[in-house]
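The structure under discussion appears below in the form of structure tokens.
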Amino acid sequence: MNNASNMVAGNGSGAMLSSLLGFHLNPLLALCLVVGLMLLTPCILRKLKQKLPHLFKNVGYEERALRLKEALSLDNKRRLLRVEVTSKEGTKELLLLVGGPQDIVVGWQEAKEHDL
């Protein structure tokens, strides 16, 4: 009887719909909105990247002084890293052993032409 009086009193279609379905649609609508935005975001970003490519450039990426070229995991703690160091004098590679009780510079070498 209470449900019928709510519908007759005109408490809105939300009250009528929730009384018919037995649950509120707000959480379901919010979930649909979030999933829809997750699906649409990559498409929107692709369109923006085509229309405005200057916004998505990696500014300064080519001019960085340090680059990680390779990482080799030796065990659970230690890694051997090959880092490219670019300076005014030229490009060299640094071999580092990290993750132990202290980090160790294994050595330096001139960068190879095919790696640049």
Could you figure out which of (1) part of a helix (DSSP H, G or I); (2) at pLDDT 85 or above isn't true of S5?
(2)
In segment 69-90, how many are modelled with pLDDT under 90 and in contact with a strand residue (DSSP E or B) (Cβ under 6 Å, 6 or more places away or on another chain)?
1
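The values are calculated or read from the model by the stated rules, or taken from the named source; none is laboratory data. Keep in mind it's a predicted model, so treat the numbers as computed, not measured. All Cβ positions, even for glycine, are placed from backbone atoms using ideal geometry, and neighbour counts span all protein chains on display.
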